[in-house]
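To start, the structure under review is shown below, and the notes come after it.
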Amino acid sequence: MTPEQAWAAIEQPSLVIDVRTDEEVAAGTLDGSLHIPYEIIVARVNELELEKNAPIVVYCRSGNRSGIAQSMLQADGYTAVVNGGAYSDLDAFHPGAKVNAHWTP
């Protein structure tokens, strides 16, 4: 998925989740994104009590862990999960853009 395609999904709007480590997030993240490490993605997303068809975009450093998170969420029944790919690509495409403004935890 290209950064342009990922941003189109983000702007649906979707719930945007950063699945990287605490250390990676401390170095920079999309403004407003929810941080849930990929290892605990299903349990934490279930705590949010989202509809299973809620649009979700996950991203990480390279797209690998977000791909794993996408697969895990899909296996749990979430039907509208998109792998947004790499943080650096998303940030470079829309520097400083805010996400999740529509979402209230």
Considering only segment 15-39, state which residues are among the small types (Gly, Ala, Ser) and over 18 Å from GLU49 (Cα atoms). ALA26, ALA27, GLY28, GLY32
Would you say ALA43 is small (Gly, Ala, Ser), over 16 Å from TRP7 (Cα atoms) and surrounded by 17 or more Cβ atoms within 10 Å (Cβ to Cβ)? no
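Residues are listed down the side, and each one gets a yes or a no for (1) of a type in the set (Gly, Ala, Ser); (2) in contact with an Asp or Glu (Cβ under 8 Å, 6 or more places away or on another chain):
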residue	(1), (2)
GLU23	no, no
GLY32	yes, no
PRO37	no, yes
ILE41	no, no
LEU50	no, no
TYR59	no, yes
GLN70	no, no
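Only the coordinates and a few stated rules stand behind these numbers; no lab work does. Keep in mind that what you see is a predicted model, and the values were worked out from it rather than measured. Virtual Cβ from ideal backbone geometry, glycine too; neighbours counted across all protein chains shown.
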